[in-house]
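Colleague: The structure that follows is given in the form of structure tokens.
The values are calculated or read from the model by the stated rules, or taken from the named source; none is laboratory data. This structure is a prediction, so every number in the text was calculated from the model and none was measured. All Cβ positions, glycine included, derive from the backbone under ideal geometry; neighbour counts span all protein chains shown.
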Amino acid sequence: MATAIAVTLLAHAQSAAAQQREFYNGGFEQNDPQGAGAPTFQIFDDFVVPEWTDATGKIELWDSGFQGVIAYEGNVFAEMNANSPGTLHQDVCLLAGETIGWTFAHRARNGGPDPQIAILEIATSTGAIFQTLATQSTTIGQPWQVNTGSTTYTGATGTQRVQFRTTNPGSYGNFIDDLRLDIAAFAQFSAASSSDMEAGGGNIPTIILDGRVEFSTTIPFTITGGTATLTDDFTVSSGVVTIPAGLYKAQAFPLPITIVDDTVGEPDETIEIALGTPSSGEVVFAHTACDGTVPQVTTIYTIINDDGRIEANKSVEIYDPTLSGLYAVPGSDMIYTIDVINSGLLDIDNDTIFLSDELPSEVIFYNGDIDDSGPVNVVDFVDSGSGLTFDEAFDVGYSKAAAKPANMGDCGDTPAAGYDPTIRHICFAPKGIFLFGDPNPEFAVKFRVKIK
């Protein structure tokens, strides 16, 4: 097994943004007016009531049973006329031309105007109304009235304010409860890419759902490419993800993919995945216009090899043997250190380690005793349980070429004594089997340069 040394950079992919497609907390159940005790009411600052905003900044909630009024659904309901007529809203992503449905329960309060009126409408982010969906008029004494309907959304695709408004004056009236929209839920991958170590096999791509699904729907997915091999590197137990009926807010559904943890030293491998068309109109793909981000309908998963895995890290420090507090300025010498770690689960095969480092154009290689203390060692080799041996006469090489060396055969140039500006690459090939273990075995090589 030939092993190449590389520095692995770990990056976090940006997660897909949630795009709202339903009223959340539509029954106002996430608050308990005045806490435990007899049924009562409470006027909340709207920011205390999850998901909802009111033009007055206040939302009045009642416990079921207060003044004899039983909630239509659950244990809590809202009164639109708190201290003054209110306008409750949530921001929802709507698609031009789609069918939008709704249902809500409305009841008139004793002592208020008769009839009492609640209007469901769509407005811009500044409150400019451009489409009325429903007007519910309920007289005092009637039980809860349920308004249900659907129509075509006539506005532009984007995030709009879907609101309930009353025209009744005063601080009495317009109970509402169980507010729902009926539009297709949005689906997309959680991120454009994800990864995990082979042994962990976690962080598998997920499908993110936003909205209400009325009946079970499947979303197919396809392995479209990548370097990983089905069966050898991963398995797929099903080609679909099932979304049960329910209300979802950025809910993650993992793909049924399992990573195979083998003992083969190999490069990192990828799985490229694409979403297919959902089995019903209950689910559609998210839309760019709602939040400005491109919906993730494809993703790439990387299996990070951890069997014969080597990590390399490079650091630099000022050469200051007398500890005089020197600074890195032109003409100063620096010590480069490359630390190499076997962080995998296997020994690295005998005599297969090859490491090359390209010198920055701002420095000149020093072909002399690295610490000026004798005997002459151009390179220091520091071992920490690696099991490797190192002989500077045979295991160090140099290249004056601009091209990156592929092996020690490309590193046959001889540097001039002292500072040699022609050296472009320095190469290392310690011998033996690079052991694995806990803690991770490692070694370091050090050499000296001068800042131009």
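Colleague: Assigned by TED's automatic domain parsing to the domain that holds Phe365 and touching a residue at least 60 places away in the same chain (Cβ under 8 Å), is that true of Thr337? Quick ask: steps written out before the conclusion?
Modeller: On the way: assigned by TED's automatic domain parsing to the domain that holds Phe365: yes; touching a residue at least 60 places away in the same chain (Cβ under 8 Å): yes.
Answer is yes for this residue.
Colleague: Looking at Asp349, is it more than 26 Å from Asp306 (Cβ to Cβ) and assigned by TED's automatic domain parsing to the domain that holds Thr322? Talk me through it step by step, then tell me what you get.
Modeller: Working: more than 26 Å from Asp306 (Cβ to Cβ): no; assigned by TED's automatic domain parsing to the domain that holds Thr322: yes.
No; evaluated as a whole, the condition is false for this residue.
Colleague: May I ask you to say which residue of Gln90, Gln131, Gln145 is modelled with pLDDT of 95 or more and more than 41 Å from the chain's Cα centre (by Cα)?
Modeller: Numbers: Gln90 fails: more than 41 Å from the chain's Cα centre (by Cα); Gln131 fails: more than 41 Å from the chain's Cα centre (by Cα).
Checking each option against the conditions leaves just Gln145.
Colleague: Next question. Sort out which residues of the range 179-197 are within 17 Å of Glu29 (Cβ to Cβ) and surrounded by fewer than 20 Cβ atoms within 10 Å (Cβ to Cβ), and write them in order of number.
Modeller: The one that is within 17 Å of Glu29 (Cβ to Cβ) and surrounded by fewer than 20 Cβ atoms within 10 Å (Cβ to Cβ): Arg180.
Colleague: Between Ser171, Ser195, which is part of a strand (DSSP E or B) and of a type in the set (Ser, Thr, Tyr)? Let's see the steps before the verdict.
Modeller: Values: Ser171 fails: part of a strand (DSSP E or B).
Among Ser171, Ser195, only Ser195 is part of a strand (DSSP E or B) and of a type in the set (Ser, Thr, Tyr).
Colleague: A further question follows. Go through (1) under 20 Å from the mean Cα position of the chain (by Cα); (2) without any contact (Cβ under 8 Å) to a residue 60 or more places away in the chain; (3) under 27 Å from Ala185 (Cβ atoms) one by one and return the number of the condition Pro244 breaks.
Modeller: It is condition (1) that Pro244 fails.
Colleague: Of all residues in the range 125-175, which are aliphatic (A, V, I, L, M), surrounded by 15 or more Cβ atoms within 10 Å (Cβ to Cβ) and either without any contact (Cβ under 8 Å) to a residue 24 or more places away in the chain or touching a His at 6+ places or on another chain (Cβ under 8 Å) (or both)? Talk me through it step by step, then tell me what you get.
Modeller: Narrowing the range 125-175 to residues aliphatic (A, V, I, L, M): 128-129, 133-134, 140, 146, 156, 162.
Retained after the next criterion (residues that are surrounded by 15 or more Cβ atoms within 10 Å (Cβ to Cβ)): 133-134, 140, 162.
Within the range 125-175, Val162 is the sole residue that qualifies.
Colleague: Identify all residues within the range 417-452 that are closer than 14 Å to Asp391 by Cα, of a type in the set (Gly, Ala, Ser) and part of a strand (DSSP E or B); write none if there are none.
Modeller: Listed by number, the list holds a single entry, Ala444.
Colleague: Then there's this: What number of residues within the range 257-276 satisfy the criterion of being assigned to a loop (DSSP other than H, G, I, E, B) and surrounded by 15 or more Cβ atoms within 10 Å (Cβ to Cβ)?
Modeller: So the count comes out to 5.
Colleague: Here's a follow-up. Given the conditions (1) exposed (fewer than 14 other Cβ atoms within 10 Å of the Cβ); (2) touching a residue at least 24 places away in the same chain (Cβ under 8 Å), report the number of the one that Arg424 does not fulfil.
Modeller: (1)
Colleague: Do we find that Ala401 is within 23 Å of Glu362 (Cα to Cα) and assigned to a loop (DSSP other than H, G, I, E, B) in this structure? Steps first, answer last, please.
Modeller: On the way: within 23 Å of Glu362 (Cα to Cα): yes; assigned to a loop (DSSP other than H, G, I, E, B): yes.
Spelling it out, Ala401 is indeed within 23 Å of Glu362 (Cα to Cα) and assigned to a loop (DSSP other than H, G, I, E, B).
Colleague: Checking the structure you have, find out if any residue of the range 235-248 is in a loop (DSSP other than H, G, I, E, B), surrounded by 16 or more Cβ atoms within 10 Å (Cβ to Cβ) and outside the structural domain of Glu98 (by TED's automatic domain parsing). I'd like the intermediate steps shown before the answer.
Modeller: Within the range 235-248, the first condition is being in a loop (DSSP other than H, G, I, E, B), and the residues that meet it are 237-239, 244-245.
When the remaining residues are screened for being surrounded by 16 or more Cβ atoms within 10 Å (Cβ to Cβ), the result is none.
Taking every residue of the range 235-248 in turn, none turns out to be in a loop (DSSP other than H, G, I, E, B), surrounded by 16 or more Cβ atoms within 10 Å (Cβ to Cβ) and outside the structural domain of Glu98 (by TED's automatic domain parsing).
For every residue, the table says whether it meets (1) in a loop (DSSP other than H, G, I, E, B); (2) crowded, with 18+ Cβ neighbours inside 10 Å.
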{"position": "Lys314", "(1), (2)": "no, no"}
{"position": "Leu323", "(1), (2)": "yes, no"}
{"position": "Leu326", "(1), (2)": "yes, no"}
{"position": "Asp339", "(1), (2)": "no, no"}
{"position": "Pro360", "(1), (2)": "yes, no"}
{"position": "Phe365", "(1), (2)": "no, yes"}
{"position": "Asp371", "(1), (2)": "yes, no"}
{"position": "Val382", "(1), (2)": "no, no"}
{"position": "Ala406", "(1), (2)": "yes, no"}
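Colleague: Which condition number does Ser279 fail, the rest of (1) polar (S, T, N, Q); (2) in a strand (DSSP E or B); (3) assigned by TED's automatic domain parsing to the domain that holds Ile219; (4) surrounded by 15 or more Cβ atoms within 10 Å (Cβ to Cβ) being met?
Modeller: The one condition Ser279 does not meet is (2).
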